[in-house]
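Data first, discussion second: the structure below is written as structure tokens.
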Amino acid sequence: MKLLTIATLPLFVGFLCAQQSTQSESTTTTTTSNAPVNMEGTLIDQGCYTTHSHSKETTSDPTTTTTTTTTKDSSDCPITTSTTNFSLRTSDGRVVRFDPESNARVVEMMRSDRTFSDDMNRHRPVKVRVVALPNGNVMVIKDIKTYQ
């Protein structure tokens, strides 16, 4: 028995020495796409839109529960000649904000594009096609054109 123990002891020591310490490191990389996004929609006054609260009212008593949801339509926020902060309301109802430089670009377009000015002065929705890049929670306009 002693002989068997002495003979197997180097075998176990060999197994212990053969084990390597492994350390695993996992890295997750998240990349955001800066691909241009094409959008169509109606320009709205961002300042007006943010002041209109979207409210949800819930009333309950022991016998019944009534839930009333009231959502202001952003068409209540048409752009005017004094608008300086713009957003785009898409056909699916999303509201996309623009960065300060893009807002300045829309103001310049408002002054130079006759169709834009006519629609605004006649209190018609100003419909635009926009090519923009996402930048955090705002979009940076690369190209903007009016359409009917």
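Neighbour counts of other Cβ atoms within 10 Å put Ile79, Ile6 in the fewest-to-most order Ile6, Ile79. In order along segment 133-148, the phi-based Karplus estimate (6.51 cos²θ - 1.76 cosθ + 1.60, θ = phi - 60°) of 3J(HN,Hα) comes to 10, x, 9, x, 9, 10, 10, 9, 6, 9, 8, 9, 9, 7, 8, 9 Hz; Gly and Pro are listed as x. Near Asn135, the amide H atoms lying under 5 Å from its own belong to Val140; only residues 5 or more places off or on other chains count, and H is placed 1.01 Å from N.
The local environment of Asp143, defined by Cβ-Cβ distances under 12 Å, has a net charge of +4 under the rule Lys, Arg +1 and Asp, Glu -1.
Computed from the coordinates by the stated procedures, all read-outs in this text should not be read as laboratory data. Bear in mind the structure is a predicted one, so any value in this text is a computation, not a measurement. Neighbour counts run over all protein chains shown; Cβ positions are idealised from the backbone, glycine included.
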